[in-house]
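Peer 1: One structure is given below, represented as structure tokens, and several questions about it will come after.
The values are calculated or read from the model by the stated rules, or taken from the named source; none is laboratory data. Values in this document were obtained by computation on a predicted structure and should not be read as measured data. Here the Cβ is made from the backbone with ideal geometry for all residues, glycine too, and neighbour counts use every protein chain on show.
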Amino acid sequence: MTAFDPDSAARPDSGIYGLSSAPEDSRVVLIPVPFEATTSYGGGTADGPQAIFEASKQVDLFDLDTGRPYEQGIAMLPQPASVRAWNDEAKRLAAPIIASGGTESDPQALARINALCEQMNQWVYETARHWIGCGKLVGLVGGDHSTPFGTIRAHALQYPGLGILHLDAHADLRDAYEGFEWSHASIMHNVMERIPQVGRLVQVGIRDFGEGEYQYIQASKGRIETFFDASLARERDAGASWHSQVERIIAALPRDVYLSWDIDGLDPTLCPGTGTPVPGGLSFSQAVGLLEGLVRSGRRIVGFDLNEVAPGPDGGEWDANVGARLLYKQIGYALRSAYG
């Protein structure tokens, strides 16, 4: 691995975070997935991986909380043209269905969209499985929140019984939302129904959900535990500390933890360009506190994803700036959890 000076300016042709690490020589391998076929409100998340890649070069790589994660090597794989092509075709077919709110179904178009999503899922699974097998810490950078199904599956097979720490404004427990089997609003429903190796789903920041999703949580017999944003806020108003709430959240997780984080789990002032912003959510420091609590507890972060980062409509870099920094914190704490 080439020596790197963290205080020097990143070269224009350098990799993520200005590093020159090859995937084979890196401890951390990131899979970019430029895919947002079923985005139901604001768009642009297919451009998220590239936006984060560019913004990452402005991140100072010494981190007070996690030290020097870059020293172990961080590499982002190239974005495959095939995935972007699948996205473009599926997005075109989905547009009229989304515009009708799912009321005007086209069975032929839906079948093709679902097939394209399955191709994406299989590619993500095979890519993640390969790099996990090489001993890498694997993360995914979306795209919308449908994209990590394959990497969650790959990690669950490698670490059966793992827990998912799901940060999001939305519960994502809808069954085939608007007719799309692999909707971004259905990711956790699909995980719970199709990946039995996942032991527990613990959700934080949830503040926008349907009654059916609430009933699904209640019927899960404890396999899903949701810490609703409004309830956490009321507890803090009554004097509870975020530290004590983090302890309670973490206690619900098994030892091996996979992070599935949607940027809209944060306060929307931190991600105004995301597709479905919702008032409320975590501050950046609260999200970091959640990561710190995981490591403090002795739990191991075995994999992660970050999704729904979208450049501003005017090309603004704020969302990607926040996303690149949150991703670096995920990487740093995951490495700390593995090595102490």
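Peer 1: Could you list, in sequence order, all residues of segment 220-276 that are β-branched (Val, Ile, Thr) and more than 23 Å from THR39 (Cα to Cα)?
Peer 2: Scanning segment 220-276 gives ILE224, THR226, VAL246, ILE249, ILE250, VAL257.
Peer 1: Looking at segment 3-24 only, could you name the residues that are modelled with pLDDT of 95 or more and either touching a strand residue (DSSP E or B) at 6+ places or on another chain (Cβ under 8 Å) or loosely packed, with under 10 Cβ neighbours inside 10 Å (or both)?
Peer 2: GLY15, ILE16, TYR17, LEU19, ALA22, PRO23
Peer 1: Hey, among VAL257, VAL191, VAL278, VAL204, which residue is under 19 Å from the mean Cα position of the chain (by Cα) and either charged (D, E, K, R) or in a loop (DSSP other than H, G, I, E, B) (or both)?
Peer 2: The unique qualifying residue is VAL278.
Peer 1: Okay, next question. Can you say whether VAL288 is outside any helix (DSSP H, G or I) and either surrounded by fewer than 24 Cβ atoms within 10 Å (Cβ to Cβ) or touching a Ser or Thr at 6+ places or on another chain (Cβ under 8 Å) (or both), as far as the supplied structure shows?
Peer 2: Taking the combined requirement at face value, the residue does not satisfy it.
Peer 1: Same structure again: Would you confirm whether any residue within segment 311-321 is at pLDDT 95 or above, closer than 25 Å to PRO272 by Cα and among the small types (Gly, Ala, Ser)?
Peer 2: Yes, some residue in segment 311-321 is at pLDDT 95 or above, closer than 25 Å to PRO272 by Cα and among the small types (Gly, Ala, Ser).
Peer 1: Here is a follow-up. Sort out which residues of segment 207-230 are assigned to a loop (DSSP other than H, G, I, E, B) and crowded, with 17+ Cβ neighbours inside 10 Å, and write them in order of number.
Peer 2: Hits for segment 207-230 are ARG207, PHE209.
Peer 1: Looking at segment 122-132, is at least one residue crowded, with 22+ Cβ neighbours inside 10 Å, in a strand (DSSP E or B), at pLDDT 95 or above and not hydroxyl-bearing (Ser, Thr, Tyr)?
Peer 2: Scanning segment 122-132 turns up no residue that is crowded, with 22+ Cβ neighbours inside 10 Å, in a strand (DSSP E or B), at pLDDT 95 or above and not hydroxyl-bearing (Ser, Thr, Tyr).
Peer 1: Listed residues GLY135, GLY161; which is in contact with a Pro (Cβ under 8 Å, 6 or more places away or on another chain), more than 30 Å from PRO268 (Cβ to Cβ) and part of a loop (DSSP other than H, G, I, E, B)?
Peer 2: Step by step, each of GLY135, GLY161 is checked, and only GLY161 is in contact with a Pro (Cβ under 8 Å, 6 or more places away or on another chain), more than 30 Å from PRO268 (Cβ to Cβ) and part of a loop (DSSP other than H, G, I, E, B).
Peer 1: State all residues of segment 65-104 that are in contact with a Phe, Trp or Tyr (Cβ under 7 Å, 6 or more places away or on another chain), in a loop (DSSP other than H, G, I, E, B) and of a type outside the set (Val, Ile, Thr); if no residue qualifies, say none.
Peer 2: The answer is ARG68, and nothing else.
Peer 1: Quick one: which residue in ASP237, ASP267 is over 19 Å from LEU165 (Cβ atoms) and without any contact (Cβ under 8 Å) to a residue 60 or more places away in the chain?
Peer 2: Exactly one residue qualifies, and that residue is ASP237.
Peer 1: OK, next. Please go through segment 164-187 and pick out each residue that is in a helix (DSSP H, G or I) and buried (at least 24 other Cβ atoms within 10 Å of the Cβ).
Peer 2: Passing the criteria: HIS184, ALA185, ILE187.
Peer 1: Please indicate, with yes or no, whether at least one residue in segment 28-40 is in contact (Cβ under 8 Å) with a residue 12 or more places away in the chain and surrounded by fewer than 17 Cβ atoms within 10 Å (Cβ to Cβ).
Peer 2: No, segment 28-40 has no match at all.
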